[in-house]
Amino acid sequence: QVQLVESGGGLVQPGGSLRLSCAASGSIFRIYSMGWYRQAPGKQRELVASITSSGSTNYADFVKGRFTISGDNAKNTVYLQMDDLKPEDTAFYYCNADLQINLLTSRRYYWGQGTQVTVSS
């Protein structure tokens, strides 16, 4: 069984920073990519940023220049450094991993439980 555990959310003032972490554990054969999505009340879940196992990154336009995604393949962990946070960044942030648990199964997406990020003065 695979688990994704997020940490690092909280309350921060506008212009502040937070760092989210997500560690994948369990029966994992190979991780192809990991990423962060977010969902605000009344809105659809949206991609924030993703990173492949080779280090290629992808960012949503609304976070470019403010957020940085990085990963540690040895620890099956992905990080999201969020700087210059804005009130509109307030949302529940979910970790996502595209992985394969063994050679006999197909790769699929797994999700964490999420962590709340609130940006408010």
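Odds and ends about this structure:
- Residues in the stretch 32-45 that are part of a strand (DSSP E or B), more than 14 Å from Val78 (Cα to Cα) and open to solvent by less than 30 Å² (accessible area, probe 1.4 Å): Arg38 alone.
- Test result for Gln81, open to solvent by 20 Å² or more (accessible area, probe 1.4 Å), assigned to a strand (DSSP E or B) and closer than 14 Å to Ser7 by Cα: yes
- A count restricted to the stretch 64-78 and to residues that are under 19 Å from Pro14 (Cα atoms) and open to solvent by 50 Å² or more (accessible area, probe 1.4 Å) stands at 3.
- Where a residue in the stretch 40-52 is in contact (Cβ under 8 Å) with a residue 24 or more places away in the chain and its partner, wherever it lies, is open to solvent by less than 50 Å² (accessible area, probe 1.4 Å) and assigned to a loop (DSSP other than H, G, I, E, B), with Cβ under 8 Å and at least six apart: Ala40/Thr90; Val48/Ala60; Ala49/Ala60
- Checking Val48, Val119 one by one, the residue that is within 15 Å of Glu6 (Cβ to Cβ) and at pLDDT 95 or above is Val48 and no other.
- Residue match in the stretch 46-63 (condition: over 15 Å from Gln116 (Cβ atoms), among the β-branched types (Val, Ile, Thr), part of a strand (DSSP E or B) and open to solvent by 60 Å² or more (accessible area, probe 1.4 Å)): yes
- Scanning the stretch 102-121 for residues that are assigned to a loop (DSSP other than H, G, I, E, B) and farther than 21 Å from Ser50 by Cα, we see that the one that is most open to solvent (accessible area, probe 1.4 Å) is Leu104.
- Near pairs, Cβ below 8 angstrom, 6+ apart or cross-chain, from the stretch 14-31 (more than 18 Å from Val119 (Cβ to Cβ) and open to solvent by 60 Å² or more (accessible area, probe 1.4 Å)) to any residue that is among the charged types (D, E, K, R) and part of a loop (DSSP other than H, G, I, E, B): Arg30/Arg107
The values are calculated or read from the model by the stated rules, or taken from the named source; none is laboratory data. Since this is a predicted model, take the numbers as computed values, not measurements. As a convention, Cβ positions derive from the backbone with ideal geometry for all residues, glycine included, and neighbour counts pool all protein chains shown. We work out accessible area using only protein heavy atoms, side chains counted, and drop any ligands, DNA or RNA first. Shrake-Rupley method; radii C 1.70, N 1.55, O 1.52, S 1.80 Å.
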